[in-house]
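Working notes, structure below.
The values are calculated or read from the model by the stated rules, or taken from the named source; none is laboratory data. Just so it is clear, the model here is predicted, and its values are computed rather than measured. Heads up, the Cβs are rebuilt from the backbone with ideal geometry, glycines too, and the neighbour counts pull from every protein chain shown. Please note that ligands, DNA and RNA were not included when accessible areas were found on the heavy atoms of the full protein model with its side chains. Shrake-Rupley method; radii C 1.70, N 1.55, O 1.52, S 1.80 Å.
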Amino acid sequence: MGYLENLNEEQRAAVTAEDKHILVLAGAGSGKTRVIISRAAYLLEKGVRPERILILSFTRKSAREIAERVKGEISIKEKSSLTGQTFHSWCYELIKSNPGIFKESSYSLIDEDDAESIFRYTFPRNEKSPLPIKGKDVHDVYSFMVNTKKSLSEAIRVKLRRTYPEAELEEYIKRYGVHYRNAIEAYVRYKTSHRYLDYDDLLYTVARTLRSNDKAREYISRRYEHILIDEMQDTNPLQYDLLSSFYENSHIYAVGDDAQSIYAFRGSDFKSIHSFISLVPESKVYKLRTNYRSYSEILAVSNWLLGQSPLNYDKELIAKKGRSERKPKLVHTDNGYEEANFIVDKIMEDISTQEHEWADHMVLSRTVMGLRRVEAVCIERDVPYRLYGGSSLMESKHIRDVLSPIRVILNIHDEIAWMRFLTLFRGIGEKSALKYIEAVRNEEHAEAAIRALKLNKAPDVIINTLSSINENRSNALSAVKASYKALEERLSLLYKDEWAYRKKDFEILFSLAERAESLESFISDFVLSPRLEETMRKDESTDDYVILSTIHSAKGLESNICFVLDVSPYAFPTERAYADGPDEVEEERRCLYVALTRAKDDLYIMRNTKSIRAYELESSKCPYFLNNFDLSLVTMVNVAGENSFEGDFFKGDSNSYNILDDLDFT
């Protein structure tokens with residue numbers, strides 16, 4: 001057990017703990033990943049078989065990396081069966097591998113875009129008086145209900161509170177709530193009749209089945225002696241419901257940081273990790289406070305930020321690296337362009353003096369739009385970069401176009417894929433597409449569907465595309481290339497001026513297909529691929545690049561030098577978050593905390609003087625996290641022009657701030 005020698009006292013206690021269920025509250029940079037890897041290695045060396053250990057994380061990439069690093073720590077045989085999964089991929093595997101328990105094992109997976117298409121297709125319409133309701137809004141409300149177990153009215157209130165003022169929203173709920181209910185019921189019926197599972201159904205189906213079927217719960221829960229969960233702070237009530245079926249026969253080992261819970265918009269519940277002991281019986285909490293990433297000057301600012309909260313995080317991080325004597329810099333600029341140029345100037349200065357590489361720098365923003373000015377300056381000055389956040393490769397229209405006929409071959413009853421594929425072609429609209437879909441409705445396999453299309457005189461390009469994919473379906477890469485080759489000419493016309501840019505993405509798609517075990521697993525991975533795991537690339541020719549990232553995409557990342565954009569009033573917290581209440585304000589505080597704690601050596605906190613000026617004029621409207629800031633913690637830098645602000649930056653009060661059976665339609 002040599003790996004235990006590299007752990008500090010807190011980590012070693014958490015790794016070797018013998019309690020039935022354990023929560024490790026791991027502060028930023030405190031070795032969270034090291035602890036979960038060491039725990040798995042510890043269990044294996046104690047004799048627990050690899051297949052009896054389940055490792056769960058929130059991205060497939062991190063789950064795989066944890067499993068591979070565990071294998072590198074130990075020398076025991078038969079460790080290849082140790083795998084890491086996401087909650088959704090795990091549930092999908094349980095459903096597919098247990099057809100005797102889950103009738104949904106033969107269903108097809110649909111992604112978020114498909115789900116929104118179904119809502120638009122099935123939404124009850126009133127031609128005389130159109131409803132002020134969008135399919136996307138209904139889908140968001142439905143998904144929030146499923147994951148948080150909230151009522152319909154509460155879900156509408158949460159998801160639409162930024163669209164309607166409070167008084168109007170209550171009237172909206174009273175008037176249109178019944179239409180949401182009707183739309184959700186129509187959506188669920190459509191999914192059932194067409195044998196579809198959406199992203200939320202994966203967790204719900206397993207959780208509901210295990211909760212209601214004692215034999216199934218006993219059989220599946222006994223497969224896992226230990227369940228290790230990374231990023232526990234991001235779990236939602238549905239995931240807790242799922243895990244509850246394993247409390248009796250398994251050991252839950254959860255690692256997370258309450259101060260980094262920043263996914264409430266996806267249904268994660270910050271309060272759950274604080275209530276772990278009351279939610280999970282026979283459990284104990286261990287804490288990691290030693291930070292290995294940052295110098296103490298950076299942690300002083302991060303600790304100060306949490307210390308201003310009315311919540312008790314009880315998280316005073318201690319720097320193992322000690323002091324550097326270089327304080328974080330609080331930089332004032334007049335606007336976003338000045339901010340972007342300052343950052344790129346600093347990066348290029350580091351490169352010119354050969355003190356650092358491009359990869360030593362990270363720029364963090366609250367939103368992907370906030371990164372656009374920095375991205376523009378990087379392009380203008382030929383700085384290599386990679387952008388994390390925003391739309392993923394798999395959400396791109398041209399990628400979905402090429403995958404649509406592959407989905408048809410794998411499931412000829414997939415009407416959504418049929419509609420997307422058929423309407424790609426000139427002269428085929430929704431009416432014509434429905435005619436062809438009707439022609440194949442009663443067929444059972446791809447060959448029969450292709451024959452039916454021939455009999456109904458479908459265009460040759462449709463027949464040839466499907467035939468080519470079907471001939472290559474035994475190999476994922478060959479099938480994807482066949483689809484691309486068949487559709488390339490048509491897509492180049494559809495996307496015109498954008499085609500040269502979009503075309504480059506298919507090389508990435510081919511590389512993903514090449515690693516797939518089968519065409520079926522490639523398509524399921526496509527649906528299960530978490531959005532935040534994908535990246536947009538500017539330069540693939542080098543591993544040395546500046547990282548531009550949204551804060552929500554930056555968890556797990558770190559860099560020697562970090563720039564945090566626009567830490568100004570109305571940005572941290574946003575005015576909208578303040579209007580939504582103290583819970584939203586605190587989530588914004590945690591979001592900023594995540595950003596600050598990515599820095600290892602140097603931290604630049606950027607501020608906009610115009611936002612500060614506006615805040616001073618209306619300080620009662622919105623709290624500001626840097627009120628009453630201890631100036632001894634930072635070095636002040638003012639690069640603003642003639643409009644620079646000379647007032648007191650820190651005035652104010654720092655403390656201002658069937659599934660339908662389970663849905664609550666009140």
Inset, instruction - Hey, can you tell me all the residues within segment 216-235 that are open to solvent by 20 Å² or more (accessible area, probe 1.4 Å) and part of a helix (DSSP H, G or I)? - result: Arg217, Glu218, Tyr219
Inset, instruction - May I ask you to list pairs of residues, at least six apart or on different chains, whose Cβ atoms are under 8 Å apart, with the first in segment 208-232 being within 22 Å of Asp662 (Cβ to Cβ) and the second being of a type in the set (Asp, Glu)? - result: Arg208/Asp662; Arg211/Asp241; Ser221/Glu248
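Table: residues versus (1) at pLDDT 85 or above; (2) of a type outside the set (Gly, Ala, Ser); (3) in contact with a strand residue (DSSP E or B) (Cβ under 6 Å, 6 or more places away or on another chain).
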{"residue": "Glu78", "(1), (2), (3)": "no, yes, no"}
{"residue": "His88", "(1), (2), (3)": "yes, yes, no"}
{"residue": "Tyr92", "(1), (2), (3)": "yes, yes, no"}
{"residue": "Asn98", "(1), (2), (3)": "yes, yes, no"}
{"residue": "Lys103", "(1), (2), (3)": "yes, yes, no"}
{"residue": "Ala115", "(1), (2), (3)": "yes, no, no"}
{"residue": "Ile118", "(1), (2), (3)": "yes, yes, no"}
{"residue": "Phe123", "(1), (2), (3)": "no, yes, no"}
Legend entry - Conditions (1) more than 27 Å from the chain's Cα centre (by Cα); (2) among the acidic types (Asp, Glu); (3) at pLDDT 90 or above: number failed by Asp382: (3)
Inset, instruction - Please name all residue pairs, on different chains or six or more residues apart, with Cβ atoms under 6 Å, provided the first residue is in segment 389-403 and is among the charged types (D, E, K, R) and the second residue is modelled with pLDDT under 90. - result: none
Legend entry - Qualifying positions in segment 457-472 - surrounded by fewer than 12 Cβ atoms within 10 Å (Cβ to Cβ) and either hydrophobic (A, V, I, L, M, F, W, C) or not in a helix (DSSP H, G or I) (or both): Lys457
Inset, instruction - State all residues of segment 219-268 that are out of contact with any Ser or Thr (no Cβ under 7 Å at 6 or more places or on another chain), under 25 Å from Val594 (Cα atoms) and either modelled with pLDDT under 90 or charged (D, E, K, R) (or both); if no residue qualifies, say none. - result: Met232, Gly256, Asp257, Asp258, Ala259, Gln260, Ile262, Tyr263, Ala264, Phe265, Arg266
Legend entry - Only one of Glu517, Glu489, Glu507 that is surrounded by fewer than 20 Cβ atoms within 10 Å (Cβ to Cβ) and at pLDDT 85 or above: Glu489
Inset, instruction - Would you kindly identify the strands (runs of 3 or more DSSP E) lying entirely within segment 20-88 that contain at least 2 residues that are among the aliphatic types (A, V, I, L, M)? - result: 21-26, 53-57
Legend entry - Single match in Ser483, Ser478 (criterion: out of contact with any strand residue (DSSP E or B) (no Cβ under 9 Å at 6 or more places or on another chain), more than 19 Å from Ala417 (Cα to Cα) and either assigned to a helix (DSSP H, G or I) or among the acidic types (Asp, Glu) (or both)): Ser478
Inset, instruction - Answer yes or no as to whether Asn627 is polar (S, T, N, Q), more than 27 Å from Lys32 (Cα to Cα) and either in contact with a Lys or Arg (Cβ under 7 Å, 6 or more places away or on another chain) or modelled with pLDDT under 80 (or both). - result: yes
Legend entry - Boolean, Arg120 is in contact with a helix residue (DSSP H, G or I) (Cβ under 9 Å, 6 or more places away or on another chain), part of a helix (DSSP H, G or I) and not small (Gly, Ala, Ser): yes
Inset, instruction - Look through segment 283-315, keep the residues that are in contact with a His (Cβ under 9 Å, 6 or more places away or on another chain) and in a strand (DSSP E or B), and return whichever of them is least open to solvent (accessible area, probe 1.4 Å). - result: Ser283
Inset, instruction - Could you check, for segment 205-215, whether at least one of its residues is among the acidic types (Asp, Glu), in a helix (DSSP H, G or I) and open to solvent by 20 Å² or more (accessible area, probe 1.4 Å)? - result: yes
Inset, instruction - Specify the residue that is modelled with the lowest pLDDT; the eligible residues are those in segment 569-582 that are surrounded by fewer than 21 Cβ atoms within 10 Å (Cβ to Cβ) and not charged (D, E, K, R). - result: Ala579
Inset, instruction - Report yes if Leu109 is touching a helix residue (DSSP H, G or I) at 6+ places or on another chain (Cβ under 8 Å), within 23 Å of Leu519 (Cβ to Cβ) and buried (at least 22 other Cβ atoms within 10 Å of the Cβ), otherwise no. - result: yes
Inset, instruction - Could you please tell me which pairs satisfy a Cβ distance under 8 Å, a separation of 6+ or placement on different chains, a first residue in segment 578-600 that is aromatic (Phe, Trp, Tyr), and a second residue that is crowded, with 21+ Cβ neighbours inside 10 Å and not in a helix (DSSP H, G or I)? - result: Tyr578/Cys622; Tyr578/Pro623; Tyr578/Tyr657; Tyr593/Ala28
Legend entry - Subset of segment 398-431 [outside any helix (DSSP H, G or I) and charged (D, E, K, R)]: Asp414, Arg426
Legend entry - Residues located in segment 149-189, provided they are among the hydrophobic types (A, V, I, L, M, F, W, C) and at pLDDT 90 or above: Leu152, Ala155, Ile156, Ile173, Val178, Ala183, Ile184, Ala186, Val188
Legend entry - Of all residues in segment 398-439 being among the small types (Gly, Ala, Ser) and out of contact with any Leu (no Cβ under 7 Å at 6 or more places or on another chain), the one that is nearest to Ser518 (Cα to Cα): Ser404
Inset, instruction - Please enumerate the residues belonging to segment 183-204 that are open to solvent by 60 Å² or more (accessible area, probe 1.4 Å) and more than 27 Å from the chain's Cα centre (by Cα). - result: Arg189, Ser193
Legend entry - Matching entry among Ser432, Ser468 (being under 36 Å from the mean Cα position of the chain (by Cα) and polar (S, T, N, Q)): Ser468
Legend entry - Set Ile561, Ile547: member being modelled with pLDDT of 90 or more, of a type in the set (Val, Ile, Thr) and open to solvent by 10 Å² or more (accessible area, probe 1.4 Å): Ile547
Inset, instruction - State which residue is farthest from Leu169 (Cα to Cα) when the search covers only segment 594-610 and only residues that are part of a helix (DSSP H, G or I) and at pLDDT below 90. - result: Thr609
Legend entry - Of all residues in segment 316-326 being part of a loop (DSSP other than H, G, I, E, B) and of a type outside the set (Asp, Glu), the one that is most open to solvent (accessible area, probe 1.4 Å): Arg323
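The rows are residues; the columns are (1) within 21 Å of Phe119 (Cα to Cα); (2) surrounded by fewer than 18 Cβ atoms within 10 Å (Cβ to Cβ).
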| position | (1), (2) |
| --- | --- |
| Ile347 | no, no |
| His361 | no, no |
| Ile379 | no, yes |
| Gly389 | no, no |
| Val408 | yes, no |
| Glu415 | yes, no |
| Arg426 | no, yes |
| Glu444 | no, yes |
Inset, instruction - Could you tell me whether segment 156-168 includes any residue that is more than 30 Å from Pro582 (Cβ to Cβ), buried (at least 18 other Cβ atoms within 10 Å of the Cβ) and out of contact with any Cys (no Cβ under 6 Å at 6 or more places or on another chain)? - result: no
Inset, instruction - Take the residues in segment 558-587 that are among the hydrophobic types (A, V, I, L, M, F, W, C) and part of a loop (DSSP other than H, G, I, E, B), then tell me which one is farthest from Ala340 (Cα to Cα). - result: Phe572
